[in-house]
Amino acid sequence: MKPLFKYVLALALVMPTTVGFAQAFNPVGTWRTRLDAEVRIDRCGRQFCGVVTKAAKPGLTDKRNPDPKLRNRPIEGILLITFSKSEEPKAFVGELYNPLDGKMYEGTAKMPNPQTIRLKGCLFYSILCLKEDWVKIAP
């Protein structure tokens with residue numbers, strides 16, 4: 001009976017830590033970008049999607065979009081990121097839209113802590129990459 005008690009006690013001590021760890025690294029929330037735009041990340045099915053809720057400057061449009069029909073649409077409301085949970089802890093993989101050049105990039109998002117999300121978009125099989133940290137401003 002003693003070994004079973006030790007196992008249950010060890011499990012009880014570890015479980016709250018595991019649950020807290022999983023919740024602490026949840027990307028859902030509103031994030032401030034390097035240029036002071038705001039992006040809301042929520043679940044969208046089995047993925048996470050990030051939509052611009054506040055442009056860096058009022059009135060910005062998607063003027064560099066390769067589709068001429070979309071060049072006048074406001075930046076606010078644009079789907080900026082789509083990510084899925086990665087096998088790596090605290091990491092997500094997916095696509096990033098860059099309104100500065102109107103292109104989609106393969107990318108990753110990592111959370112070094114619950115208040116920071118680090119985005120990385122790459123070209124040419126990860127030879128040329130850009131990184132940016134966003135800060136969480138609301139749950």
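The values are calculated or read from the model by the stated rules, or taken from the named source; none is laboratory data. The shown structure was predicted, so the numbers you read here are calculated from the model rather than taken from an experiment. Every residue, glycine among them, receives a Cβ derived from its backbone with ideal geometry; neighbour counts consider all protein chains shown. All accessible areas refer to the heavy atoms of the entire protein, side chains included, with ligands and DNA or RNA removed. Shrake-Rupley method; radii C 1.70, N 1.55, O 1.52, S 1.80 Å.
The order of I137, I127, I81 by accessible area, most exposed first and with a 1.4 Å probe, is I127, I137, I81. Each residue of segment 74-80 is assigned a 3J(HN,Hα), and the resulting list reads x, 5, 4, x, 6, 6, 9 Hz, derived from the Karplus form 6.51 cos²θ - 1.76 cosθ + 1.60 (θ = phi - 60°), x at Gly and Pro.
Take the Kirkwood radius over Cα pairs of segment 85-137, plug it into Stokes-Einstein at 10 °C and 1.306 mPa s, and you get 137 µm²/s for translational diffusion.
Average accessible surface for segment 48-139: 64 Å² per residue, computed with a 1.4 Å probe over protein heavy atoms with every protein chain in place. If the segment from A56 to C44 were pulled out straight at 0.36 nm per residue, it would be longer than the present Cα-Cα gap by 1.9 nm. Among the protein heavy atoms of segment 16-139, carbon and sulfur supply 57% of the accessible surface, probe 1.4 Å, non-protein parts ignored. Sorting the segments 83-96, 61-74, 105-118 by their mean number of nearby beta carbons within 10 angstrom, highest to lowest, gives 105-118, 83-96, 61-74. One decimal place: the segment A138-R71 gains 21.1 nm when fully extended, by the rule 0.36 nm per residue minus the C-alpha distance. Listed by chain and number, the lysines whose alpha-carbon sits under 22 Å from that of K85, ignoring those within fewer than 8 places in the same chain, are K110, K120, K131, K136.
Our Cα-only numbers for segment 47-139 put the radius of gyration and Dmax at 13.8, 40 Å.
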